[in-house]
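This report concerns only the one structure given below.
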Amino acid sequence: MDLFEHAGQKEQASQAPMAERMRPRSLSEFVGQEHVTGEGRFLRRAIESDQVPSLILWGPPGTGKTTLAQIIARSTGASFESVSAVLSGVKDIRETVARAQDRWKLHRKRTFLFVDEIHRFNKAQQDALLPHVEKGTVTLIGATTENPSFEVNAALLSRCRVVTLRGLEEDELVPLLRRAVADERGLGGRVEVDDDALTFLAGTAGGDARKALTALEVAAAHGGTRVDRKSAEEALQQKMLLYDKGGEEHYNVISAFIKSMRGSDVDGALYWMVRMLEAGEDPLFIIRRMVIFASEDIGNADPRALGVAVDALQAFQLMGLPEGTLPLTQAVTYLALAPKSNAVITAYMAAREAVTNEGALPVPLHLRNAPTKLMKSLGYGGGYKYPHNFEGNYVPEDYLPEALQARHFYTPSRNGEEAELADRYEAIQRQLAERSREPGEEG
């Protein structure tokens, strides 16, 4: 690196956002996560003994995943390589691994490979990491806002220790902000910030240190030489919503939305829907969940519910925002107050279990297609009774494989309009039972 390049890097660092400039350089500067970094805790002991295994750091944004990875590499004297799962592919992994192999051969120096947003790696990319983690060519540190049980394949997950990080408390963020006010990497004491302003800024962050520092930087830029509570509020205009579209809170809020509709709480459903929309969630994601809900939780108790949800989808696509919030609201209120039945998904799961457990049972001869004379001579299609030739367009018949003829998958509820289907279902079952008792009748 020449003198001009070094000077350019220093200037670039000074222009970085304050959240980046204030990134902790050691565990002593690291805020929060005492359950893993406190004295005697797992991660601190692993760092101090230079025996850090491959890790998956799981937690909300701004809780220190990237910072911890850098502190680990710095504290152990290892090299630090970083890739983003959004921007990198298998080729980048191979090049990084090759450098790690050379580094070990020439200098006996370990390499920590930090993969940001590892949940965005597909199966092939995760598989490409696996042998190098297994051999110890690299020590993997993956960062994810998603539950690794669902997003990291089992083979890779079994070779890593999962470390769960939590959102930071307000009383942890306030000292962090106070340090940024005084530190030369931050405001360097050039701006005075009142305590109630710091408390307000910490409260807007939703447990995210990066958001808290960014909020402080914005408030200082707009507040002159002194930032009080009022100027902090004016600078930020409104409290940031705790809602990360790619993280765990995303799933918490959509879960609350679905459960409110399922519980017929229209007010709760409206609140969680608006919470998502105001936080910038894709409205189409919300509507798709409503379409699923219409079948899964309402089904035939109100067959119109599915149409209402699909109509809301089409109306939104036609109207867009902000007017599109009206068909969303109309659909949510309808779905929340509709009679409920989970008979549809229960029926599917019961039938799926039969298919999984019993395998591919043979199709009964009378139900088979018989396009050729040979097939007909073998009995294909023989004895089939065409329902439209019988009164009421129904005739008792067996339509399941012989091994499953006593099985029932669909159990209609007595809720809403599904009660009519329940009556018809029971009438059909009675006719089937009567037929089985008739002498001389084939099974």
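The values are calculated or read from the model by the stated rules, or taken from the named source; none is laboratory data. Please read these numbers as outputs of a predicted model, since none were measured by experiment. Here Cβ is always computed from backbone atoms with ideal geometry, including for glycine, and neighbour counts include all displayed protein chains. Remember, those area values only see protein heavy atoms, side chains included, never the ligands or the DNA or RNA. Shrake-Rupley method; radii C 1.70, N 1.55, O 1.52, S 1.80 Å.
Applying the condition of being assigned to a loop (DSSP other than H, G, I, E, B) and open to solvent by less than 80 Å² (accessible area, probe 1.4 Å) to the range 86-108 and asking which residue is farthest from P131 (Cα to Cα) yields S88. Restricted to the range 206-227, and to residues there that are surrounded by fewer than 19 Cβ atoms within 10 Å (Cβ to Cβ) and of a type in the set (A, V, I, L, M, F, W, C), the residue that is nearest to E20 (Cα to Cα) is V218.
T67 meets the conditions (1) modelled with pLDDT of 90 or more; (2) touching a helix residue (DSSP H, G or I) at 6+ places or on another chain (Cβ under 8 Å); (3) among the β-branched types (V, I, T) in every case but one. The failed one is (2). Looking for something at pLDDT below 90, of a type in the set (K, R) and not in a helix (DSSP H, G or I) - is there at least one such residue anywhere in the range 110-123? Yes. The combined condition, being of a type in the set (A, V, I, L, M) and either in contact with a Cys (Cβ under 9 Å, 6 or more places away or on another chain) or within 30 Å of V266 (Cα to Cα) (or both), is fulfilled by M349. Among helices (runs of 4 or more DSSP H) entirely within the range 327-443, having at least 2 residues that are basic (K, R) and open to solvent by 50 Å² or more (accessible area, probe 1.4 Å) singles out 373-377, 418-437. Against the condition in contact with a strand residue (DSSP E or B) (Cβ under 7 Å, 6 or more places away or on another chain), under 14 Å from V227 (Cβ atoms) and of a type in the set (A, V, I, L, M), how does V162 come out, does it pass? Answer is no for this residue. You will find that of E11, E20, E48, the residue that is at pLDDT 85 or above and farther than 20 Å from C160 by Cα is E20 and no other. Restricting attention to the range 272-319 and to residues that are part of a loop (DSSP other than H, G, I, E, B) and under 25 Å from the mean Cα position of the chain (by Cα), the residue that is surrounded by the fewest Cβ atoms within 10 Å (Cβ to Cβ) turns out to be G280. State whether the residues of the range 109-117 include one that is without any contact (Cβ under 8 Å) to a residue 12 or more places away in the chain, of a type outside the set (K, R) and out of contact with any Pro (no Cβ under 7 Å at 6 or more places or on another chain). No - not one qualifying residue is present in the range 109-117.
Summed over the range 302-325, residues that are out of contact with any Leu (no Cβ under 9 Å at 6 or more places or on another chain), hydrophobic (A, V, I, L, M, F, W, C) and at pLDDT below 95 total 1. Output yes when any residue across the range 306-317 is touching a Lys or Arg at 6+ places or on another chain (Cβ under 8 Å) and either of a type in the set (S, T, N, Q) or without any contact (Cβ under 8 Å) to a residue 40 or more places away in the chain (or both), and no when none is. For the range 306-317, residues touching a Lys or Arg at 6+ places or on another chain (Cβ under 8 Å) and either of a type in the set (S, T, N, Q) or without any contact (Cβ under 8 Å) to a residue 40 or more places away in the chain (or both): present. Identify all residues within the range 138-166 that are open to solvent by 30 Å² or more (accessible area, probe 1.4 Å), of a type outside the set (K, R) and closer than 19 Å to Q70 by Cα; write none if there are none. Selection gives V162, T164.
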